[in-house]
Structure formats: C-alpha cells, structure tokens
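The values are calculated or read from the model by the stated rules, or taken from the named source; none is laboratory data. As the structure is a computational prediction, the values presented were derived from the model and not from experiment. Methodologically, a virtual Cβ is constructed for each residue, glycine included, from the backbone with ideal geometry; neighbour enumeration extends over all protein chains shown.
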Amino acid sequence: MNEINCMISALRLKLTKLFEGEKSGHSIDHLERTLNYALCLQKKEGGDVKVIAVAAYVHDIHRIIGWHENRFCPPEQSLNMVSELIDDLPLTPKQKEHVLYAVCHHEEYAFSGEGVTVTDVESKIVQDADNLDAIGAIAIIRSFKYGMAHSMKEYDPDIQFYFSDYNENTNDKSTIHHLYNKSLRLGSYLNTKTARDIAVEKTKLTKDFIELYVKEFNCEF
Ligand SMILES: [Fe+2]
Ligand SMILES: [Fe+2]
C-alpha cells in the first residue's frame, strides 16, 4: 500500500467514528467523495498530492464541532482538532501547515464577498473538490438532508429566487432557494478548468430539477 493509502486508512478509522450519526449532508460519504474528486483533479492540475488528499479528507471537521455544539462553527475554529488528527501522519511540518491552510479557507466562495482568495493549487483543488459535491444529483439529496436537519422549508413560493452574498453561516430561505443561490452558480466559480468541466452536467441537472420542482409545485401542466 502506498503512503497516501496508508494515511487515508489511518484517518478513515478516526473519521468514521467522529462522523457516525451525522445527518446534515456532511457525513463520512461526503468526505470520501471530496477525497476522490480531489485526487481526480490533482492528476490533471498537479500540486502536492499528500497535502491535497489529507486536506480534502479532513476538511469538514468544523461540521462535527458545530453539530455537537448546536451552532455554526467556522473552519478556522476546527484547526486545533485537525492538527491533532494529522499529527502522526508522515507529513513534513510545512505540509501539515499547508493542510491547515487549505482546511481553513475551503469555504471561501468567490461570491461570498469576504475572505481571502486562495492562490495555491492545493487549496484551490480542495475547494473545488468540496464544491463539486455541492452540485448535481447527490448535492440535491445532501441539500434536503441539510434542510431537514436545520428545520428549513422545502420551498417558499412567495419568495423570489435570488443570488445573494453567500456564506455557510446563514441558511437560505428554503432548500430550493439554497439550490438556486448556491448550487446553480457554483460551477462557474470553480478554480480549475477540470472542475468546471465536471460541473457542466451537474449544473444542468440542478437547473432542470429546480425548474421541474417549481412546475410540479404550481401544477403547471
Ligand atoms: Fe466545510
Ligand atoms: Fe464539505
């Protein structure tokens, strides 16, 4: 088994336990998919594969803290826990620092109106990998899980669709509005061309889903 697989296996044991029972769309399955997207992007875009793999796999520790404390916990407040998790992995101090940097900035969207714009390929890939799992078929299911976990309305026909400054700290007006406000435009804001290409089919599905949902809701047949 190569070094990457060894690190992932070691982390998998810890993460599976930590994320057990998570029901808001940020389960261990989301971490596995983010890792797979990240490895796929790295093959085309380059970057330090160890930093990318580890950061992608542990990026959502902040969700676990938030879940247990019943609040939104921003990624920067998860760095101590992430640091402990990766402490015994075969990474240099510089690589560990880089993992923490990528985790810290993974939720800064180009349309959030705040935060830093990451410039290193490793952080760009971790952002893109996470965001690719927020567009498309599985993203639709994840959004409804998140909505249910946070008592969000499924849809509110009295509220116009909107694009607003987005951050993960504030919930959208409904799950359908969330899909419109985030998933629908995320594909155009991805950092790498490889991710933008993957997002095309996913975005089309999201658009078609929203349109058909509203049509069915209003019985416009
Ligand atoms: Fe996150
Ligand atoms: Fe995530």
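Details
- Filtering G46, G25 for residues that are within 14 Å of ligand 1 (Cβ to nearest atom) and under 24 Å from A199 (Cβ atoms) leaves a single hit, G25.
- Scanning the stretch 134-168 for residues that are farther than 16 Å from V103 by Cα, within 15 Å of ligand 2 (Cβ to nearest atom) and part of a loop (DSSP other than H, G, I, E, B) yields A134, I135, G136, Y166.
- Restricting the first member to the stretch 137-153 and to residues that are free of Cβ contacts under 8 Å to residues at least 24 places away in the same chain, and the second to residues that are surrounded by 17 or more Cβ atoms within 10 Å (Cβ to Cβ) and in a loop (DSSP other than H, G, I, E, B), the beta-carbon pairs closer than 9 Å and six or more apart or on different chains are K153/K173; K153/S174.
- I61 vs. criteria in contact (Cβ under 8 Å) with a residue 60 or more places away in the chain and β-branched (V, I, T): no
- When the stretch 43-79 is filtered for residues that are surrounded by fewer than 20 Cβ atoms within 10 Å (Cβ to Cβ), β-branched (V, I, T) and closer than 24 Å to K17 by Cβ, the ones remaining, listed by number, are I64, I65.
Conditions (1) at pLDDT 95 or above; (2) more than 13 Å from ligand 2 (Cβ to nearest atom), marked per residue:
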{"position": "A10", "(1), (2)": "yes, yes"}
{"position": "G21", "(1), (2)": "no, yes"}
{"position": "I28", "(1), (2)": "yes, no"}
{"position": "L31", "(1), (2)": "yes, no"}
{"position": "D48", "(1), (2)": "yes, yes"}
{"position": "V58", "(1), (2)": "yes, no"}
{"position": "I61", "(1), (2)": "yes, no"}
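- Options L41, L31: the member that is over 14 Å from I4 (Cα atoms), part of a helix (DSSP H, G or I), aliphatic (A, V, I, L, M) and within 13 Å of the chain's Cα centre (by Cα): L31
- Here V99, V103 are screened, and the one residue that is in a helix (DSSP H, G or I), closer than 22 Å to N191 by Cβ, of a type in the set (A, V, I, L, M, F, W, C) and within 11 Å of ligand 1 (Cβ to nearest atom) is V103.
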